[in-house]
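Colleague: Sharing a structure, written as structure tokens. Questions coming.
The values are calculated or read from the model by the stated rules, or taken from the named source; none is laboratory data. Everything numeric here is computed off the predicted structure, so don't read it as measured data. Heads up, the Cβs are rebuilt from the backbone with ideal geometry, glycines too, and the neighbour counts pull from every protein chain shown.
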Amino acid sequence: MSQPRKQPRYCLHKSSGQARVRINGRDVYLGPHGSPESHERYERLMREWHLRNGNIVAATLTVDELCLRFLEDAEQTYRHPDGTRTGTAENFRHTLKRLIKLHGRSYVREFGPLRLRAVRDLMIEDGLARKHVNREIGRIRQVFRWGVEHELVPPEVYTALTAVSGLRAGRQGVRDTAPVRPVSDADIEATLPYLPAVVADMVRLHRSTGCRPGELCAMRPADIERSDDVWVYVPERHKTAWHGKERCVFIGPEGQNILARYLLRDAERFCFSPADAEADRNAERKAKRQTPVTPSQRARAAKANRNRKRPPLDSYDTNTYAKAVKRGCEKAGIEPWSPNRLRHTKATELRAQFGIESAQVTLGHSTPNTTLIYAEAQFDKARDIARRTG
């Protein structure tokens, strides 16, 4: 396909104060410069110009339509090897809401750096953190790059969008988030008594293995090889599966003791289930009850169970797991911490004891640079070196 011709520009004719556009070497006057009538006539002429030059898509495609086509493709593209959807398409769907809100009806050929910056300003007004804003803007650019690849977007439109640089740290009015730090073992131990028994075991196993929260939530007996003294958990789905990489989580004696009672179930069932947590909670309440349950109470309980709008899930996901931990922290009276910080704690411990390469293998990272994000720097060693040599 030949490259579309560059669109004639809307200009000011200084001597007359009128707007004009030069089409095929001839000036066309549009009316008072900046007036709605001049812009409306310009848009009509440009639509006709694109159609005459064969740029039908460039003339008619709106940002809304481009986003719709991209999301339809993303639903099929971003999938696990087993065919199930990843969360990437949903992430794009959430990102594009602000773009569509501001510029959905605009033509793709009109979209430029100023409009992209307007979307970015809306994100800042909504309180998004700097790194989050930069990631969202990168996704929007990716949509336009996809459009170029499929000959829906003029290449110069995407090229212009790459001129919008990322927000830098310290910019006034933009929120910066603190780096994710390891959670201390003292805070973990303080939280455990206030967690449901199932969630407490999840935290202990998470701390022991350093796996990703999603990998922990998806664990099933069928995925765990137990023929050796060290068990190997191979997640059915994991973060880097679409790269063709294999992920193995190694479970030692401590983790095996935690996990043992959750393997006494159907091999295809999830190990950690909110339904199990609710059953444990009900059994504990029943054991503490001082008076017998009356028939009317039993009938009301059965009716409530039948009419439940949200029955317990088959497994925890990363959100419900994090919420359960947060509630436990609040009950314990300590600063809430997220489950992903357990991975940082394990990474820091492994780096200190066995070095960066061992931490890299255990965490399942492709490069040591990724591991360095998780493994807290050992400043105590630097202090000791300075103490001895400085």
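Colleague: Mind checking whether some residue in the stretch 91-100 is under 26 Å from E43 (Cβ atoms) and in contact with an Asp or Glu (Cβ under 7 Å, 6 or more places away or on another chain)?
Modeller: At the first step, the residues of the stretch 91-100 found to be under 26 Å from E43 (Cβ atoms) are 96-100.
Checking the rest, the ones that are also in contact with an Asp or Glu (Cβ under 7 Å, 6 or more places away or on another chain) come to 100.
Yes, the stretch 91-100 contains a residue that is under 26 Å from E43 (Cβ atoms) and in contact with an Asp or Glu (Cβ under 7 Å, 6 or more places away or on another chain).
Colleague: Would you check if L66 is over 25 Å from E43 (Cβ atoms) and either surrounded by 15 or more Cβ atoms within 10 Å (Cβ to Cβ) or touching a residue at least 40 places away in the same chain (Cβ under 8 Å) (or both)?
Modeller: When the stated conditions are applied, L66 does not pass them.
Colleague: Looking only at the stretch 165-190, count every residue that is in a helix (DSSP H, G or I) and of a type outside the set (A, V, I, L, M, F, W, C) and tell me the total.
Modeller: Counting residues in the stretch 165-190 that are in a helix (DSSP H, G or I) and of a type outside the set (A, V, I, L, M, F, W, C) gives 3.
Colleague: If you go through the stretch 97-108 one residue at a time, do you hit one that is exposed (fewer than 14 other Cβ atoms within 10 Å of the Cβ), closer than 27 Å to A163 by Cβ and at pLDDT below 90?
Modeller: Scanning the stretch 97-108, I find at least one residue that is exposed (fewer than 14 other Cβ atoms within 10 Å of the Cβ), closer than 27 Å to A163 by Cβ and at pLDDT below 90, so the answer is yes.
Colleague: Here's a check for you: in the stretch 210-234, which residue that is over 23 Å from the mean Cα position of the chain (by Cα) and in a helix (DSSP H, G or I) is nearest to H344 (Cα to Cα)?
Modeller: D223
Here is a yes/no grid of residues against (1) modelled with pLDDT of 80 or more; (2) under 28 Å from L192 (Cβ atoms); (3) surrounded by fewer than 17 Cβ atoms within 10 Å (Cβ to Cβ):
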residue: G328; (1), (2), (3): yes, yes, no
residue: T345; (1), (2), (3): yes, yes, no
residue: T348; (1), (2), (3): no, yes, no
residue: S358; (1), (2), (3): no, yes, yes
residue: S366; (1), (2), (3): no, no, yes
residue: T371; (1), (2), (3): no, yes, no
residue: A375; (1), (2), (3): no, yes, no
residue: D380; (1), (2), (3): no, yes, yes
residue: R383; (1), (2), (3): no, no, yes
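Colleague: For residues that are in a helix (DSSP H, G or I) and either at pLDDT 70 or above or of a type in the set (A, V, I, L, M, F, W, C) (or both), tally how many sit in the stretch 236-280.
Modeller: 20
Colleague: Looking at the stretch 154-164, which of the residues that are at pLDDT 90 or above and not in a helix (DSSP H, G or I) is surrounded by the most Cβ atoms within 10 Å (Cβ to Cβ)?
Modeller: V164
Colleague: Kindly indicate whether any position in the stretch 72-84 is part of a loop (DSSP other than H, G, I, E, B), modelled with pLDDT under 90, within 27 Å of the chain's Cα centre (by Cα) and charged (D, E, K, R).
Modeller: Yes, the stretch 72-84 contains at least one residue that is part of a loop (DSSP other than H, G, I, E, B), modelled with pLDDT under 90, within 27 Å of the chain's Cα centre (by Cα) and charged (D, E, K, R).
Colleague: Next up: Please state which of the following conditions T177 fails to meet, knowing it meets all the rest: (1) at pLDDT below 90; (2) within 28 Å of E236 (Cβ to Cβ).
Modeller: (2)
Colleague: Is it the case that V143 is at pLDDT 90 or above, outside the structural domain of D317 (by TED's automatic domain parsing), touching a Phe, Trp or Tyr at 6+ places or on another chain (Cβ under 8 Å) and not charged (D, E, K, R)?
Modeller: Answer is yes for this residue.
Colleague: Let me ask something additional. Would the stretch 102-113 turn up any residue that is part of a helix (DSSP H, G or I), touching a helix residue (DSSP H, G or I) at 6+ places or on another chain (Cβ under 9 Å) and more than 29 Å from M46 (Cβ to Cβ)?
Modeller: no
Colleague: Ok, one more. Condition first: closer than 30 Å to E125 by Cβ and surrounded by fewer than 16 Cβ atoms within 10 Å (Cβ to Cβ). Can you find one or more residues in the stretch 181-188 that meet it? Give the derivation first.
Modeller: Restricting attention to the stretch 181-188, the residues satisfying the condition of being closer than 30 Å to E125 by Cβ are 181.
Filter once more, so that each one left must be surrounded by fewer than 16 Cβ atoms within 10 Å (Cβ to Cβ): 181.
Among the residues of the stretch 181-188, at least one is closer than 30 Å to E125 by Cβ and surrounded by fewer than 16 Cβ atoms within 10 Å (Cβ to Cβ), which makes the answer yes.
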